[in-house]
Amino acid sequence: MSDSAGAEAPAAVVADFSLGDIAAELGGELIGDAAVRITRIEPLETAGSGAISFLSNPRYAAQLASTRAACVIVAESMRDAALARGAAIVVPDPYLYFARLTRWWAARTRRPAAPGVHPSAVVHPSASIADGVSVGPLAVIEQGVHLGAGVVVGPHCSIGEGTRIGEQTRLAARVSIAAGCTIGARCIVHSGVVIGADGFGFAPNQGRWEKIEQLGGVRIGDDVEIGANTCIDRGALGDTVIDDGVKLDNLIQVGHNVQIGKHTAMAGCVGIAGSARIGAHCTVGGAAGIAGHITIADHVHIGPMAIVSHSITKPGHYSGVFPIDDNAAWLKNAAAVRQLSAMRERLRALEKRLLEHGPHGSGPNDKNTTERDPA
Amino acid sequence: MSDSAGAEAPAAVVADFSLGDIAAELGGELIGDAAVRITRIEPLETAGSGAISFLSNPRYAAQLASTRAACVIVAESMRDAALARGAAIVVPDPYLYFARLTRWWAARTRRPAAPGVHPSAVVHPSASIADGVSVGPLAVIEQGVHLGAGVVVGPHCSIGEGTRIGEQTRLAARVSIAAGCTIGARCIVHSGVVIGADGFGFAPNQGRWEKIEQLGGVRIGDDVEIGANTCIDRGALGDTVIDDGVKLDNLIQVGHNVQIGKHTAMAGCVGIAGSARIGAHCTVGGAAGIAGHITIADHVHIGPMAIVSHSITKPGHYSGVFPIDDNAAWLKNAAAVRQLSAMRERLRALEKRLLEHGPHGSGPNDKNTTERDPA
Amino acid sequence: MSDSAGAEAPAAVVADFSLGDIAAELGGELIGDAAVRITRIEPLETAGSGAISFLSNPRYAAQLASTRAACVIVAESMRDAALARGAAIVVPDPYLYFARLTRWWAARTRRPAAPGVHPSAVVHPSASIADGVSVGPLAVIEQGVHLGAGVVVGPHCSIGEGTRIGEQTRLAARVSIAAGCTIGARCIVHSGVVIGADGFGFAPNQGRWEKIEQLGGVRIGDDVEIGANTCIDRGALGDTVIDDGVKLDNLIQVGHNVQIGKHTAMAGCVGIAGSARIGAHCTVGGAAGIAGHITIADHVHIGPMAIVSHSITKPGHYSGVFPIDDNAAWLKNAAAVRQLSAMRERLRALEKRLLEHGPHGSGPNDKNTTERDPA
């Protein structure tokens, strides 16, 4: 890369904390010198001398001995191994502690959004804007919008007529929310998200499509996070509903009248067709597809790129994609897929033949010739 | 969800129509009290007492008896069942009637875009803007753009040099159309759409890629609808062409020089590689993929997530995806896929063996051992 | 399409060059009249009399005889065939020559971005803006941003605090780059791209998700092109890294801490989960998925819609998707997939039976009954 753009961007505030500060705020048993300065959070493998790191996955336990981190966050079971190399914070759940450390860290090193409405923003006089709201440059706030206390609206956001946004919710740059939607409190919505565009609804008429106006809205609960360029369509009649604590990654498509239950998380590029109902506490792998008008129970876990074409009523893990192979092998096997059904019939025929006229004249009870899972 | 954002957003205009108004405007045989007030359109199942509803899918006929809707739109075949419960509008195609009702409804309840150019928009003096055009706040209209009569350009839209947009076309907030494109009349383009970005074209040169400038444009016909965050690339030499009446859902990728025929509809997340030609009156399921430089005939229907790697010359329905399964079963079967070709050979060997030396010495005409669909 | 929008958009500058101009600038052996005027670049098949065209794929050699192009760019091997029909430019690599011709052409026919900062842009006084930079209407440039010489920032772009952009890089309309990212020189970033949104990171805690703040950034090398609506998330701790010369098509998802090696190219709709490391000089087909935390070697080529669930250590071509089929055939075969593992066991049982008690009492060495690739 060229020098012209390779330099590190300056952080808003330089991070420099003591181990004692961290443990005092976030808890855990600090073993080591509380005065040690910490300037970075880094993975075990690449941590430098001013870094705090963490070990949550036992797979990386071997990295513990060699890391140069100033302090390592570990579970009780790793206490001795951690102390053998230096300072440690012993906690019940190192990954959760790490998550909280990143939030504590970000709150102290990132410049907060300036409260107030930037003079370049276009705000309708009827909009209701609570205390401590920040509206960024060139944002557009339409008639009757309500922004709760502490809401942050980034540059180039547009919020349509009558939409309500709950307190402390943050919209990154360039988020579009159409009219008549509601977003809960403490949500995070990333750049490029489109909430409340029309669902895909048409009635066929003599070879043409006639538009069905999408008269519903979108209701999003509290503590929801929505990734960049994800789309959540408005309902056709009722609303599309995303419940509390849902986490959606980037480039996800949520069709009209979909319902997603509490604390369900979906990786990037998932597509959900209209009126699907997805339970609470589910996870959906990247680029999986969920058909319209089906129901998925709570605690269902869908693998990446799988297609869910029917309702799933039992919690559990579901997969639906074949592993990659080298081209030549793949082509041979893929060709055979087209004969799978025929192969099954041929196999059955052979079994029947051997059952009836087999080498030793064995009868119908012969174990080897019983079809084990008839279609 | 918290109270802070849970309240219903106010509609621009409160809906309150009489059954008589509706039937007078949209036709159909109204049976019942024309003075009854209608304030909502709702599905049969959840309809309240002020609602009009419809029955188009016989699967939901059972809901007819129990619905609380004030009036139900039904086909002739359901006339008696509908009247047994209350008011009805009898029409030849209830779903089409419903579509028209939603449009009539939206036209009467939504605040229309204010005509004129918002003072915060940046409009090049050479742009030609016809009567009744609405240009929203902070939109950018470049040199030589033409906007036809009644065009609506939402907030944060940008329209590149020389692009032409036909009459009554509506762009939602934040639509980007690059230079040198044409959009027809009465189109609807949703937020985040990018029309006319460069197609993906590079010539390899000693391990590097050299850009091929994309010198074509995009031509979009009349009555086209394009969903949120969908991308339609400009052509490399000629144009990318979307014909009249095409409906594209959200997050679709249309590569350079693709052609999509009249009244074809595609669900979300479809990807179409460069120079594919798709016929008229096709439908493409969600997240399906269409390879480059292939041709798809008119009236072809592609299932969700299928990959179309070769041209399709015959109308019909095509699928290409395996249904999901529980993890354990899937892993076993997926592993077997890698041996499919080998299994086929083994099966053939067994058949040959039995054919030649079978229990009863049966000859080549034995039906059971004939391979039914050789590769 | 209606007349209202069907007219050709005017080019910024009318193209009109002589063959001699082209050959003088771009090289090659011009055979024919150097004074001939060229006003278009067109494919062989549709070229008109003022067009220059090219033949790079031998598959299209038959079009050479019939094309009406004024001049054709050909390789040495096609010299005679080309001359038999008219003027030609003979070059070692016609496709590469064509690529360079398009760039030369675009540079002469497209209006360059006006240098300077548009008065409607919102630029923080601390931003450092080098010579010849163009900042378009309604762009937002935050505190401490650095724009290198000749950078073009389109309308509605937003560039977050401390981000650095290398010289000659061009951002189309509406590109969002968050704080603390670096973009190299001579990059092209298309509309709707989001660089530096939060990666998808959460720690589970009693059925809820706790956010892991994404403290890393994004580093993008020189000569990178990024397609419309593609998302590149910032790293959780370290940076997400896109190396020099990488080309990404539209609607691609790049998760946090992904690394993509030099000169790798990816088609549209690819999804890459967090911390995947992709080598240099790879290609990835449209809508393929790459799992998190895996490594792909240099010079690996992944087919469209394949899922890469494990590391690939050997260069080569890899596939993972089944060809589409007509619905009826597909349904039969797809159902059989669920019995694949069982079919394999049944096949093995038949083989064993015949091996032990076969028609001719053949022993364990019998070739036909040996399982060729046991699981």
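Each reported figure results from applying straightforward, stated rules to the coordinates on display, with no laboratory input. The structure displayed is predicted, hence computed values, not measured ones. Glycine also receives a Cβ, built like all others from the backbone with ideal geometry; neighbour counts cover every protein chain displayed.
Relative to the Cα centre, the charge distribution of the range B:68-192, modelled as +1 at Lys and Arg Cβ and -1 at Asp and Glu Cβ, gives a dipole magnitude of about 500 debye. How would the range B:38-88 be classified by its alpha-carbon gyration tensor: rounded, prolate or oblate, with rounded meaning a/c under 1.5 and the a/b versus b/c comparison settling the rest? It comes out prolate by the Cα gyration axes. Shown for C:GLY27: label points 7 Å from Cα along the beta-carbon vector, and their distances to the equivalent points in the other copies, 6.9, 6.9 nm in ascending order.
On the principal axes of its alpha carbon atoms, the range C:32-149 extends 64, 23, 23 Å, with the longest extent given first.
One quarter of the convex hull surface built on the alpha carbon atoms of the range C:294-359 amounts to 7.7 nm², the projected area averaged over directions. Between 0 and 90 degrees, the angle of helix B:340-357 with respect to the longest Cα principal axis of chain B falls at about 40 degrees. Charge dipole (Cα centre; +1 on Lys/Arg Cβ, -1 on Asp/Glu Cβ; no other charges) of the protein assembly as shown amounts to roughly 1760 debye.
Listed values for the range A:271-286 are Karplus-derived 3J(HN,Hα) couplings in whole Hz (6.51 cos²θ - 1.76 cosθ + 1.60, θ = phi - 60°), namely x, 10, 6, x, 6, 5, 10, 10, x, 8, 6, 8, 10, 10, x, x, and x replaces Gly and Pro.
Nearest 10 degrees, 0 to 90: what angle lies between the long axis of helix B:94-109 and the longest principal axis of chain B (Cα atoms)? Its long axis makes an angle of about 40 degrees.
Backbone amide hydrogens, once placed in the peptide plane, bring A:CYS282 within less than 5 Å of A:THR264, A:ALA265, A:HIS299, A:VAL300, excluding anything fewer than 5 places away on its chain. For the residue pairs B:LYS211/B:LYS314; A:LYS332/C:LYS262; B:LYS247/B:LYS314; A:LYS314/B:LYS332, alpha carbon separations beyond 29 Å are given by B:LYS211/B:LYS314; A:LYS332/C:LYS262.
When the Cα positions of A:ALA336, A:TRP105, A:GLY196 are compared along the charge dipole of chain A, A:ALA336 comes out farthest toward the positive end, with charges on each C-beta of Lys, Arg, Asp and Glu. For chain B, how big is the tail of P(r) above 25 Å, as a whole percent of Cα pairs? The proportion of pairs with Cα distances above 25 Å equals 69 percent. Could you tell me which of rounded, prolate or oblate describes the range C:110-184, using a ≥ b ≥ c as the square roots of the eigenvalues of the alpha-carbon gyration tensor, with rounded for a/c under 1.5 and, failing that, prolate when a/b is larger than b/c and oblate otherwise? Rounded, since a/c falls under 1.5. Pop out the ³J(HN,Hα) list for the range B:167-175 in order, Karplus 6.51 cos²θ - 1.76 cosθ + 1.60 with θ = phi - 60°, rounded to Hz; leave Gly and Pro as x. Running phi through 6.51 cos²θ - 1.76 cosθ + 1.60 with θ = phi - 60° gives 5, 6, 5, 10, 9, 5, 4, 6, 10 Hz. Histogrammed with a bin width of 10 Å, the alpha carbon distances of the range A:147-257 distribute as 17, 49, 25, 8, 2, 0 percent, first bin at zero.
Rounded to the nearest 500, what is chain A's calculated 222 nm mean residue ellipticity when only DSSP H runs of at least 4 contribute -39500 (n - 2.57) each, over all residues? Theoretical 222 nm ellipticity from helices: -5000 deg cm²/dmol. Using C-alpha pairs below 8 Å separated by at least 6 residues, the relative contact order for chain A is 6 percent. Each residue of the range C:190-206 was assigned a 3J(HN,Hα) from its phi angle through the Karplus expression (A = 6.51, B = -1.76, C = 1.60, θ = phi - 60°), giving 8, 4, x, 5, 10, 10, x, 5, 4, x, 8, x, 9, 9, x, 8, 6 Hz with x at Gly and Pro.
Taking amide H positions as modeled 1.01 Å from N, with prolines and chain starts lacking one, the residues under 5 Å from B:VAL153 and 5 or more places away or on another chain are B:SER134, B:VAL135, B:GLY136, B:LEU171.
Shape analysis of the protein assembly as shown based on the Cα gyration tensor places the equivalent ellipsoid semi-axes at 45, 38, 38 Å, largest first. For C:TRP104, inter-copy separations between label points set 7 Å beyond Cα along the Cβ vector come to 6.4, 6.4 nm, shortest first. Inter-chain neighbour count for C:151-159: the average number of beta-carbon atoms from partner chains within 10 Å of each residue's beta-carbon is 5. For the range A:8-105, relative contact order (Cα pairs under 8 Å, six or more residues apart, normalised by length) works out to 25 percent. In a simple Cβ point-charge model (Lys, Arg +1; Asp, Glu -1; nothing else charged), chain C has a dipole of about 720 debye relative to its Cα centre.
For helix C:327-337, report the angle its Cα long axis makes with the longest principal axis of the Cα atoms of chain C; keep it between 0 and 90° and round to the nearest 10°. So the helix axis and the longest Cα principal axis differ by about 50 degrees.
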